[in-house]
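Working notes, structure below.
Every number here is computed from the coordinates shown, using simple stated rules; none is lab data. Here the structure is a predicted model, which means the values were calculated and not measured. Please note: Cβ atoms are built from the backbone with ideal geometry, for glycine as well, and neighbour counts cover all protein chains shown.
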Amino acid sequence: MSINASGMMLEREAENEVQPMIETNNVAHERDSETMIEGSSEDLLSLYYCPNMVKKHRGPTKKTDIHARTLEERTPIILNCYGQPIRPTPKDVKDLSRFLGTIARTTEFAPLNHVDWPSVPTHDQIWEYVLRFMIPPEGRSWVLETVNLSWRGYKSKLKKMYLEAVEKGSNLGELYELVPEDELKDLISFWNTSPAKEQSKKNKRNREKLDDMHTMGPSSYAALRHKLKQEDPNKKEPYKAKVYRESRIRNPKKTYKTSYGNTKANMIIVIYV
């Protein structure tokens with residue numbers, strides 16, 4: 001499955017205005033900035049990437065309605081100038097992100113017995129399958145990077161389940177229900193190697209340093225910046241300080257793993273930067 005260039009309009013920002021570059025059949029695709037990725041973790045200075053937040057345990061999202069879409073039912077996705085989705089609606093952007101998460105958990109598309117993402121041989125198949133949304137070619141890199149980070153997060157979750165099962169002396173039945181036997185054996189073999197254990201310790205230490213996480217869930221910095229820009233009377237790009245504050249708003253009814261102290265302190269700092 002592929003998308004023909006006809007039926008799309010690509011837009012480019014110029015002098016703070018988005019000008020149409022190609023227009024056919026009134027379907028628009030804008031190009032602009034940032035990345036939204038469930039499961040990524042970047043520091044305070046990287047305001048255009050999205051770390052993960054604590055989520056309610058409701059089981060994995062399946063998005064069966066999207067998997068069942070026909071070509072005629074596809075939703076057109078509008079990109080910013082960095083090839084990341086920001087429109088047509090926040091729901092559509094979140095649906096796309098969650099849909100990519102389901103692909104990362106599908107071993108036919110993202111086999112788990114590969115050490116790193118570049119060695120996974122199914123990038124082209126993933127991109128073709130993702131075209132259940134109408135995404136211009138400029139979005140391919142964002143799509144694959146999003147699946148990559150979800151794939152890594154899924155492997156981390158499986159490893160945690162494995163270690164807990166070993167600690168409790170229970171069987172691996174639940175894991176075998178999620179992962180093909182040959183792939184699970186390869187994963188367990190790799191997890192028990194010395195290099196993998198050392199890397200795991202290093203990753204854990206780095207993770208413990210992350211105490212200032214955003215609270216946007218599956219929403220993206222790209223979508224947030226676009227929203228704030230549209231809310232501005234002069235349609236100006238929002239300051240980084242405003243993006244930072246808006247991305248750290250906490251729901252008093254939710255429980256978060258990280259303290260809010262450092263976030264409050266950073267908010268005071270960015271006000272005066």
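Taking 7 Å steps out from each Cα toward its Cβ at Asn206 and Thr193 produces label points 1.8 nm apart.
Taking max minus min of the alpha-carbon positions on each principal axis, the range 131-216 gives extents of 48, 34, 26 Å, largest first. Across the range 109-194, Cα pairs under 8 Å and at least six residues apart give a relative contact order of 36 percent.
Filter Lys91/Lys157; Lys159/Lys185; Lys63/Lys91 down to the pairs with a C-alpha to C-alpha distance above 18 Å, please.
As for pairs spanning more than 18 Å Cα to Cα, those are Lys91/Lys157.
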